[in-house]
1. Treating the beta-carbon of each Lys and Arg as +1 and of each Asp and Glu as -1, no other charges, what is the dipole magnitude of the range 15-85 about its Cα centre, to the nearest 20 debye?
2. Sort the following peptides by mean Cβ neighbour count (other Cβ atoms within 10 Å, averaged over residues), highest first: 163-176, 139-152.
3. Take every Cα-Cα pair in the range 15-85 and report what % of them are more than 15 Å apart.
4. Restrict the search to the range 14-123; then list the chymotrypsin sites (Phe, Trp or Tyr not before Pro) that DSSP places in a loop and that have at most 16 other Cβ atoms within 10 Å of their Cβ.
5. Report relative contact order for the chain in percent, whole number only (criteria: Cα-Cα under 8 Å, sequence separation at least 6).
6. Using only alpha carbon pairs under 8 Å that are at least six residues apart, calculate the relative contact order of the range 15-85 and give it in whole percent.
7. If we restrict to alpha carbons, what Rg and Dmax does the chain come to, in Å?
8. Suppose we look only past 24 Å in the calculated P(r) of the range 1-135. What percent of the Cα-Cα pairs does that tail hold?
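Each value in this text was obtained by applying a stated rule to the coordinates, not by laboratory testing. Since we're looking at a predicted model, the values are computed, not measured. Note that each Cβ is placed from the backbone with ideal geometry, even for glycine, and that neighbours are counted across all protein chains shown.
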Amino acid sequence: MLIIFDLDDTLVDTYRCLTIPKLKETLIHMVQGGLRLDCSFEQAFNDLVVCTRSAPSGREALISFLPDFKNGADFLESSTNYLYESSDEGLNLEAVPGAIEALEQLKENHTLCLVSVGFEGRQRRKLEKAGIDSGIFAKIEITQAHRKGDIYRGLIEELGFSPKETIVCGDKFDVDIEPAVRLGCFAAHAEFSPRRCIKRSGLEADISVTTFNQLLDFVETFDSDEKKADSSYQ
C-alpha cells in the first residue's frame with residue numbers, strides 16, 4: 001500500500017505545541033499594540049482558544065475572534081502576520097502520541113509519503129523537532145497551495161500504485177480528505193487534536209481515527225485482504 005500522511009495535527013501535535021502558544025503570544029502583541037479588550041486577558045484568551053476548535057487555521061480563528069472587540073478589525077492583518085511570521089524557535093514540538101511507533105511499523109511493508117501545506121523550511125523543522133525521521137518517507141511534498149489532489153495523483157503515478165492501493169490520512173477534511181475521496185483513494189480522517197474541522201461536502205472518509213492503533217488496524221485489514229487474494233490466486 002501507498003500511505004500518504006499530512007503533517008500538522010496528523011503526525012505532529014501542532015495545535016497543542018505551536019498553535020495555542022503562538023496565539024497567546026499574538027494576543028499579547030495585539031494588546032500591547034492597542035487592542036481594547038472588554039474582559040480580562042485570561043477570558044479573552046480562553047475565548048480565542050474556543051474559536052480554534054471549530055476553525056481550520058489560526059487565521060480563521062482570529063477572523064472569528066476579533067470582531068467581538070471594538071477595534072478588533074484593525075488588527076486582523078497585523079495579527080495574522082505576527083502569528084505566522086514570528087519565530088517559534090523557543091517552542092518544543094512533539095509528535096502525536098503513537099505516530100513515531102506507527103510510522104516505524106508501517107514502513108516495513110508499505111510505502112510512506114508526506115504531503116503538507118506550508119513553507120518548506122518550517123515544515124521540515126517541525127519533523128526534526130518532533131523527532132520524526134524524514135528518511136521514513138519515500139517522498140515529501142510541501143506546497144503553499146491548498147490543492148493536494150494534484151499532488152496525490154502525481155505520487156500515485158510516480159510510485160506505481162493505483163488509488164485503490166492508496167490510503168490518505170489527514171486532519172483537514174477539505175484539504176486532506178476530500179481530494180483523496182474524489183481520486184478514489186481510501187481516506188482516514190485523523191481526529192487526534194481538539195480541533196474539529198467542519199466538513200464542506202457530503203463526502204465521507206472511510207474511517208475516522210482518534211489513535212494510531214486504529215489506523216494500524218485499518219491498514220491491517222488491507223494486508224489481510226491481500227494475503228487472502230494471493231492465496232486464492234495460487
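1. Using Cβ point charges on Lys, Arg, Asp and Glu, the range 15-85 gives about 180 debye.
2. Working: 163-176: 22.0, 139-152: 15.9.
For the peptides 163-176, 139-152, the packing ranking is 163-176, 139-152.
3. Of all Cα-Cα pairs in the range 15-85, 44 percent lie more than 15 Å apart.
4. Values: sites: 15, 41, 45, 65, 69, 75, 82, 84, 119; in loops: 69, 119.
Here the chymotrypsin sites (Phe, Trp or Tyr not before Pro) that fit, given the DSSP loop and packing criteria, are 119.
5. Reported as a whole number, the value is 26 percent.
6. 36 percent
7. Over the chain's Cα set, Rg and Dmax evaluate to 19.5, 74 Å.
8. Values: 3397 of 9045 pairs.
Result for the distance tail: 38 percent.
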